[in-house]
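Structure, as structure tokens:
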Amino acid sequence: MNGRFQISMHIMTLLCTAGNDVLSSDYIAGSVNINPVLIRKELSNLIKHKLVASKEGKSGGYTLSKPAAQISVADVYHAVQVNPVLGKARNTPNPKCPIGKEINKHLNQLNNEVDQMIIKKLGKQSIAAFTKLFD
């Protein structure tokens, strides 16, 4: 996993604390301490997954698309997950080897089990509950 989950959680937590106020990508970038272009990329992804809404215009910005209590940390995880949690080998094992011919099947099963455990754990906490950690 790359840093996208951490960045997206930072964004979601900021938006939760803002309530109904809209936040600009520049403001969010200042809090995360990264380039606003990267923030806008993550915001675009969160919008695509219906976790964030945007408002156009001079007083525009970003808000949560629904109440924070209705968004789980697992929802954010799903939005940013691009690779298997345990990684994936780029090579193709030797199909003539007794281990090589079956290793990917068993590793994929293990990865799916780990991923389901992570989703189960993250699904138990909402963005609202996570944000309360900062009170």
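Give the calculated FRET efficiency between Lys124 and Tyr27 to the nearest 0.05, with a Förster radius of 22 Å applied to their Cβ-Cβ distance. Could the numbers behind the result be given before it?
Details: r = 30 Å, r/R0 = 1.36.
After rounding, the FRET efficiency stands at 0.15.
Note the listed values (1) 59; (2) 63; (3) 69, then indicate which one is percent of Cα pairs over 18 Å apart calculated from this particular structure.
Matching entry in (1) 59; (2) 63; (3) 69: (1).
Using a cut-off of 25 Å between alpha-carbon atoms, which lysines can reach Lys58, once sequence neighbours fewer than 8 places away in the same chain are excluded?
Lys41, Lys48, Lys50, Lys66
Taking Lys101 as the anchor, which lysines have their alpha carbon closer than 18 Å to its alpha carbon, excluding any fewer than eight residues away along the same chain?
Here the lysines satisfying the reach criterion relative to Lys101 are Lys88.
What stretch of the chain, leaving out the sites themselves, is the longest with no trypsin sites (Lys or Arg not before Pro) in a DSSP loop having at most 13 other Cβ atoms within 10 Å?
On the way: sites that count: Lys50, Lys58, Lys88, Arg90, Lys96, Lys101, Lys124.
Value returned for the longest uninterrupted segment is 1-49.
If you take the beta carbon distance between Gln109 and Arg40 as r and set R0 to 35 Å, what does 1/(1 + (r/R0)^6) give as a FRET efficiency, to the nearest 0.05? List each step's numbers first, then the result.
On the way: r = 37 Å, r/R0 = 1.07.
Computed FRET efficiency for Gln109 and Arg40: 0.40.
Place a label point 7 angstrom from the Cα of Asp135 along the Cα-to-Cβ direction, then list the residues of the stretch 42-81 whose backbone nitrogen is under 15 Å away.
Within reach of a label on Asp135, which here means backbone N under 15 Å from a point 7 Å along Cα→Cβ, the stretch 42-81 contributes 68-69.
Compute the acute angle (0 to 90°) between the alpha-carbon long axis of helix 4-18 and the principal axis of greatest extent of the alpha-carbon atoms of the chain; round to the nearest 10°.
For helix 4-18, the angle is close to 30 degrees.
No value in this document is a laboratory result; all are computed from the given coordinates. Keep in mind it's a predicted model, so treat the numbers as computed, not measured. Glycine gets a Cβ as well: all are built from the backbone with ideal geometry, and neighbour counts include every protein chain shown.
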